[in-house]
1. Taking 1 over the mean of 1/r across every pair of different Cα atoms in segment 318-371, what Kirkwood radius in Å do you get?
2. At 222 nm, what value in deg cm²/dmol follows for the chain if DSSP H runs of at least 4 each add -39500 (n - 2.57) and the sum is divided by all its residues, to the nearest 500?
3. Excluding GLY209 itself, what net charge comes from residues whose Cβ is under 10 Å from its Cβ, given Lys and Arg +1 and Asp and Glu -1?
4. What are the extents of the Cα atoms of segment 67-185 along their three principal axes, in Å, largest first?
5. Using the structure shown, select from LYS222/LYS280; LYS24/LYS99; LYS119/LYS151; LYS177/LYS318; LYS24/LYS280; LYS40/LYS127 the pairs with a Cα to Cα distance greater than 28 angstrom.
6. Order the peptides 296-308, 256-268 from the highest to the lowest mean number of other Cβ atoms within 10 Å of their residues.
7. Please compute the contact order of segment 263-390 in relative form: average sequence separation of alpha-carbon pairs under 8 Å and at least six residues apart, divided by the residue count, as a percent.
8. Under a 1.4 angstrom probe, counting protein chains only, how are PHE292, PHE220, PHE243 ranked by accessible area, largest first?
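The values are calculated or read from the model by the stated rules, or taken from the named source; none is laboratory data. These numbers were taken from a predicted model, which means no experiment stands behind them. Here Cβ is always computed from backbone atoms with ideal geometry, including for glycine, and neighbour counts include all displayed protein chains. When the accessible area is computed, the model is the full protein with side chains, heavy atoms only, and any ligands, DNA or RNA have been set aside. Shrake-Rupley method; radii C 1.70, N 1.55, O 1.52, S 1.80 Å.
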Amino acid sequence: MKKEIRIGLIGCGFMGRTHTNGYKRVADFFPELTYRPVLKAVCARSKEKVEAFAQQWGYESFETDWRTLIAREDLDAIDICTPNNMHAEIAIAAAEAGKMILCEKPLARTLMEAESMVKAVEQAQVKNTVWYNYRRIPAVTLAKKIVDSGKLGRIFHYRANFLQDWTINENLPQGGKAFWRMDANAAGSGVTGDLLAHCIDTAMWLNGGIKEVSAVTETFVKQRMHEETGRMQEVKIDDACIFHCHFENGALGLFESTRYARGHKALYTFEINGEQGSLKWDLHDLNRLAYFNHADEAEVRGWRSILVTDGDQPYMDKWWVPGLSIGYEHSFVHQVADFLRSLEKEQACAPSFQDAFETQKVCEAILNSAQSRQWQQTNVEWKQEAQQLI
């Protein structure tokens, strides 16, 4: 007999669709799981939009007030897919109501908000996780296994970038439903919280805590019309950010993110260089992991391209046959599966709110460093938690 986890989703935009797809497909490909998600209710402010979303995606009901949703007794878990300025208030209310919480990244706009969320879930002792989904791409998970095996030896360098080009237009507004990521009041920051947060979570999961940072940010268009007020206002989010850092293990890190890299829609890459080997990965070719092993015989030593589609590799025994690829959306299916498995094992599901709080510390240190033009300590307390590998 399956145990139901009744889901209440708040927000029906892009992330609402990706999460819902994960809930809908997980039972098909992970039939052994004891728990099964039930799409009980979805919430958004527009009645017309949320009703259409509920019908399309198969939710049993809908609400237009998130407080009403959280108060419902027929829900077990609240999934937060709202703009960042709503994360803290919703999560704290959900924790007080005794609901499990799955929250989109970044955890919050500021460190203070994030800390209040961590305290709320700890006090209520409710299950929680944050959707840093790139951990769940099989090639990235395989990278984690290789690093943890010690095959790379001592790590010297970690570098990552996340490049986009969608804001290269001075006439784009800020704020509103479509462009809230460009409004600091809604988003908290620009590429630092939106894109670099992903890079930082992956980096610390693979290579341990980031100790200190030195950063530069830039806002290329200084004023934009606010979509809701119609007035020209100062733009306070960062369009681009470059930072370098020291990891706790002594490695150097180099990170870059921008929304002004013409020709790039979502170029996310990372590379790790160790004493005995190196790894690199590219989101545009997400099923491949490049691996260099210095222990290979000199005659054949070189970079190898590992196609991560075999049943012996992370998660892939759940999908097709070797040689056939999966995509971006499958990382969310994997995160749902890991969360459900964590309930079976009565364990935390990484990344937890606490893990995401550590990432928030790095993001805040980056912004402070860019403003002060000085090195900033992050005060990260990173505990290497292995995610559930199904």
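1. When all Cα pairs of segment 318-371 are included, the Kirkwood radius is 14.0 Å.
2. -9500 deg cm²/dmol
3. On the way: positive: LYS211, LYS361, LYS383; negative: GLU248, GLU358, GLU381.
Local net charge: 0.
4. Taking max minus min along each principal axis of the Cα atoms, segment 67-185 gives 51, 45, 26 Å.
5. LYS222/LYS280; LYS119/LYS151; LYS177/LYS318; LYS24/LYS280
6. Numbers: 296-308: 11.2, 256-268: 16.9.
Put in order of decreasing packing, that is 256-268, 296-308.
7. Values: 137 pairs, mean separation 18.9, N = 128.
Relative contact order here is 15 percent.
8. Sorted by accessible area, descending: PHE220, PHE292, PHE243.
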